[in-house]
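The values are calculated or read from the model by the stated rules, or taken from the named source; none is laboratory data. Bear in mind the structure is a predicted one, so any value in this text is a computation, not a measurement. Reconstructed Cβ throughout: ideal geometry from the backbone, glycine too, with neighbour counts over all protein chains shown.
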Amino acid sequence: MNKYELVYILKPSVGEEKRAQLLEKLRDIIEVEGTIENVDEWGNRKLAYEIDKINEGYYVLVNFNSGTEIINELNRNLKISDEVMRHLIVKIGE
């Protein structure tokens, strides 16, 4: 198992209930073969540059352990989600 870090930015207009649903969906995907170490919600922050005429976003950081198969599924789900503006998954360590 490898350690990964996922950061995703949600549109600021997304409600609390919808944010919780998305996080739960991602948690279910990861926990099929991995474990979540930490979830850190940074809240609304100003973006470095404008995305689709939006100046701020809701940042969430997730640290987790999993195999490489899970990464493709996470990427697919984050790309098709209308609430997610950007995301990045980084392998930590070797």
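Would you be able to tell me the number of residues in segment 1-25 that are outside any strand (DSSP E or B) and within 17 Å of VAL90 (Cα to Cα)?
First, the residues of segment 1-25 that are outside any strand (DSSP E or B): 1, 11-25.
Next cut, within 17 Å of VAL90 (Cα to Cα) only: 1.
Within segment 1-25, residues that are outside any strand (DSSP E or B) and within 17 Å of VAL90 (Cα to Cα) number 1.
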ASN65 vs (1) polar (S, T, N, Q); (2) surrounded by 15 or more Cβ atoms within 10 Å (Cβ to Cβ); (3) assigned to a loop (DSSP other than H, G, I, E, B): all pass except (3)
Is there a residue in segment 13-35 that is out of contact with any His (no Cβ under 8 Å at 6 or more places or on another chain), surrounded by 15 or more Cβ atoms within 10 Å (Cβ to Cβ) and among the acidic types (Asp, Glu)? no
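Considering every residue within segment 76-91, establish whether at least one is farther than 25 Å from SER13 by Cα, of a type outside the set (A, V, I, L, M, F, W, C), in contact (Cβ under 8 Å) with a residue 12 or more places away in the chain and exposed (fewer than 12 other Cβ atoms within 10 Å of the Cβ).
Yes, segment 76-91 contains at least one residue that is farther than 25 Å from SER13 by Cα, of a type outside the set (A, V, I, L, M, F, W, C), in contact (Cβ under 8 Å) with a residue 12 or more places away in the chain and exposed (fewer than 12 other Cβ atoms within 10 Å of the Cβ).
Do you know which of the residues in segment 55-75 that are of a type outside the set (Val, Ile, Thr) and touching a residue at least 60 places away in the same chain (Cβ under 8 Å) is farthest from ASN44 (Cα to Cα)?
Only one residue fits best here, namely GLY67.
Being surrounded by 11 or more Cβ atoms within 10 Å (Cβ to Cβ), within 14 Å of GLU5 (Cβ to Cβ) and modelled with pLDDT under 95 narrows it down to one residue among ILE70, ILE51; which is it? Give the steps one after another, and end with the answer.
Values: ILE51 fails: within 14 Å of GLU5 (Cβ to Cβ).
Step by step, each of ILE70, ILE51 is checked, and only ILE70 is surrounded by 11 or more Cβ atoms within 10 Å (Cβ to Cβ), within 14 Å of GLU5 (Cβ to Cβ) and modelled with pLDDT under 95.
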Is at least one residue of segment 26-39 in a loop (DSSP other than H, G, I, E, B), touching a residue at least 60 places away in the same chain (Cβ under 8 Å) and among the aliphatic types (A, V, I, L, M)? no
